[in-house]
Structures are given as C-alpha cells and as structure tokens.
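K.L.:
After the structure tokens below, expect a handful of questions from me.
The numbers here are math on the coordinates, done by the rules we state, and not lab data. Just so it is clear, the model here is predicted, and its values are computed rather than measured. Every residue, glycine as well, gets a Cβ built from its backbone with ideal geometry; the counts of neighbours run over all protein chains shown.
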Amino acid sequence: MIEPYTAVALQTSVHNVRTRAEVDKNLRHIGNMIDLVVHICSLELPVRLIALGEGAIQGFIDEILDMEQAEYTDAMAADVPGWETEMLGEKAKQHGCFILAQLKTKHAKYPGRFFNTVFLIDPNGQVVYEHLKNIILFTEGSTTPHDVYDDWVAEHGDGIATFFPVAKTEIGNIAGSVGVEGAFPEAWRAFAMNGAEVLYHASLPEPWVSRGMFQLQNRARAMDNTCYMVAPNTGSLIVQGPPGEDATSIGGALGGRSGIYGYRGEMLAESTVVDDCYVAAQVNIEELRHYREHSRFQNWLPYLKTELFKDLYSQPIWPKNQPPLQHADKARVLADVTDELVQRGSLTRSKIAPDKE
C-alpha cells in the first residue's frame, strides 16, 4: 500500500547563465529551498515528491540567443547522470524523497546535438527515469527523438512506451514533460495509457500564463487522464548585464502560477507569486486507483473507442529526421507545413495580407 504523501511544486528564481560551471549557483539555491520546503511541508504529511520548473537549473540562454546546437552542447549541455543530477541526488537522499527536474543534455550517439530531458531521481540519489521532449516551440534549439527518428527507433523501438515512458515507483507511476508539449493532449494520453498516475508539466512564459493557458492545460491534462498533475513554473529570470553592470531580474518573465491539481481536474494548490515560492498538496495513490477502477464518470480511459481515431495521424505533418535548425530554418519548415495543411483542407487561407518583412 502507498500511504498518502505531500508533493511540492518548487518555483525558483534562475540565473540565465552562459556556462555549465555557473549552473552551480542555481543548484545551490534550489538545494536551500528544498531544505526549507521539506522542513515546513513535512509538518503535515511526509514530502515524497519535489518537482522543479523547466530552466530552473540552466536557464534559457540557448533559446534567447538562438545558439547553434553544437555551441550550446559544448558550453552548457549536461550528462545524465552527471554532477548536476548528483547534487540533486544528495538532496533526495538527505530528505528521502523523489525529485523531478529538467536539463538540456548531450548524448554520445548524437555529437553536436542536445535534448530537452525530464528526469526523476529516487531517494537513493539515482536517476530512474528520463523523458526526452518530443515537441518543441519555434524558438527552442534542442533536438527531439523525432528529429533523429530512424536512428532512435532502430535503437529503442517504435511505440508509445519508447516516446512517452513512465516510471513505476514506490510512490506511484510518474511521467511528464515541459513547456509547449503540454499543448498536445495526445502526449499526456500516451503517458496515461502507459500507466501514469502522477503527471508533471513544468513552465510556460508570459504572456501565456496570465492568459490562463498554463493553468488550463494542467487542469485539463489531469482531468482528461484521471491523474494528479504537479506543475511548477520557474520564478524570476536573472539576466546578466554587460561587464561591469548589474544583472536584470525579471520577476514576471515566466508568470508563476505553479500549481498541483487533483485527478478530477480540481485545484489542490496554486500560487500567484512570480518569484521564489512553492505549493504543496496531498497525493493519495490508493484513492486514485480505487476511483479509476470504480468510477463511471471522469474516468475516461475505459471509454476510448480507438477504432474511430486510427486514421487521425496516418499522414505525417512536421517532417521527421531533421538536422539542427536555427530560428530562420524553423520558420521555413513551419511555412511549408502550414501550406501543406492548407492543401489538405485542415487550414483555410486567410484573406488578410501577410506581414511585410
């Protein structure tokens, strides 16, 4: 039996650093906050799961500067496991908890390329789960498994467990992703079909948080799949200034709204703070499992009529096996894909004149 426990969504300010060595300052700050939240939140139920926001460790310098993949891989990309995960692993061992986080990582098989990786550390300090983000935003520079699809399938196989894995742990089945992948319900349905019970979705920037997009996605993904959702955002973004000048701290860059939501989509905890903060809520896996077995409403997986949807994605849309792309390259691919969707009838061409470059 899994006893109820406390999950924490930890929202931390982040230095938008330019070298891997500088990441240490973010990790030390995270460690100090973990010590505090475990001390306070364990007054209620033991803290067994702590989740960090996307960018909490490395920041977002690759996206902001449109860095080439090889440049970022050399300067910033981490190994998993590596010294970053070892530092977090010490906190996991110290407090007897699991830690969910994200890093942009390198892989020996793909030199000069990096991936956006979600990972889970267990109370022994070991990395027990990795999910490589499959869908990225226009401004993101990372490689996805889809960009190296043929090689990836040859090595790992082809199926939803390959692209949407789930960690089976002593505190429940855990999976998730970060950023824009939260906009694709199919990804979260795939996690659920693989057994996920606790979902993780980290971070969106402004202005999409204040418009309600982050909260709406997180509650919907929890409700759609009868799962808990732990959704930390990142706090202030601290941007280095020119030599000799102070850094600029942008408190609302990511918009806050870290939250934890129940398996019926209800809000369990949410914060409006945009800087350092945390939210905590109870997770009861045994209750969730009982509900999934017996409820006839808000328990949607048994209702799936899969034959109706089998042709939905029979034709490819975004092309696979892509080389590293800069912003301008992605603009061309996006334009080509949009034209193709117009030809298929999925989109209808607007009569508004296109923007002049």
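K.L.:
For region 138-275, what ratio Rg/Rh do Cα atoms give with a Kirkwood hydrodynamic radius? Mind dumping the intermediate values first?
P.N.:
On the way: Rg = 17.1 Å, Rh = 16.4 Å.
In region 138-275, Rg relative to Rh is 1.05.
K.L.:
Then there is this: If you take every residue apart from Gly251 with its C-beta less than 12 Å away from the C-beta of Gly251, what net charge results, scoring Lys and Arg +1 and Asp and Glu -1?
P.N.:
Combined, the nearby Lys, Arg, Asp and Glu give -3.
K.L.:
Dividing the convex hull volume of the alpha carbon atoms of region 11-153 by its residue count, what do you get in Å³ per residue? Numbers along the way, then the final one.
P.N.:
Details: hull volume 15.6 nm³, N = 143.
So the per-residue Cα hull volume is 109 Å³.
K.L.:
If you don't mind, there's one more thing I want to ask. With a cut-off of 8 Å between alpha carbons and a minimum separation of six or more residues, what is the relative contact order of the chain in percent? Walk me through the numbers on the way to the answer.
P.N.:
Numbers: 747 pairs, mean separation 67.6, N = 357.
Contact order relative to length: 19 percent.
K.L.:
Relative to the Cα centre, what is the charge dipole magnitude of region 177-308, using +1 at the beta carbon of each Lys and Arg, -1 at the beta carbon of each Asp and Glu, and rounding to the nearest 20 debye? Display every interim value, and only then the final one.
P.N.:
Details: 10 positive and 15 negative charges, 117 e Å.
Charge dipole, region 177-308, about its Cα centre: 560 debye, nearest 20.
K.L.:
Which order results if Arg296, Arg20, Arg289 are arranged by neighbouring Cβ count within 10 Å, fewest first? Working shown, then result.
P.N.:
Working: Arg296 7, Arg20 17, Arg289 14.
Lowest to highest Cβ neighbour count: Arg296, Arg289, Arg20.
K.L.:
Between Ala335 and Tyr313, with labels modelled 7 Å along Cα→Cβ, what's the label distance in nm to one decimal, could you check?
P.N.:
In this crude label model, Ala335 to Tyr313 measures out at 2.8 nm.
K.L.:
While we're here: Take the Cα coordinates of the chain, assign each an equal point scatterer, and use the Debye formula without solvent to give log10 I(q)/I(0) at q = 0.08, 0.11, 0.14 Å⁻¹.
P.N.:
-0.39, -0.75, -1.23
K.L.:
Suppose every Lys and Arg Cβ carries +1 and every Asp and Glu Cβ carries -1, with no other charges. What dipole size does the chain come out with about its Cα centre, to the nearest 20 debye? Each step should come with its number before you reach the end.
P.N.:
Working: 31 positive and 47 negative charges, 182 e Å.
My answer is approximately 880 debye.
K.L.:
Can I get the semi-axes of region 205-279's equivalent ellipsoid? Compute them from the C-alpha gyration tensor as square roots of 5 times the eigenvalues, in angstrom, largest first.
P.N.:
Details: eigenvalues 182, 23, 14 Å².
Here the semi-axes work out to 30, 11, 8 Å.
K.L.:
If each DSSP helix of 4+ residues adds -39,500 (n - 2.57) and the sum is divided by the residues in the chain, what number results at 222 nm, nearest 500 deg cm²/dmol?
P.N.:
Working: 10 runs with 106 residues, N = 357.
For the chain, the value works out to -9000 deg cm²/dmol.
K.L.:
Between Glu44 and Trp83, what length comes free when the chain is fully extended (0.36 nm per residue of separation minus the Cα-Cα distance, one decimal in nm)?
P.N.:
Numbers: separation 39, 0.36 × 39 = 14.04 nm, distance 3.21 nm.
Full extension from Glu44 to Trp83 adds 10.8 nm.
K.L.:
Which of Gln240, Ile135, Asn26 sits farthest toward the positive end of the charge dipole of region 5-304, with +1 on the Cβ of Lys and Arg and -1 on the Cβ of Asp and Glu?
P.N.:
Ile135
K.L.:
Do you know the Lys pair count in the chain for C-alpha distances under 18 Å, with sequence separation 8 or more or different chains?
P.N.:
Lysine pair count for the chain: 9.
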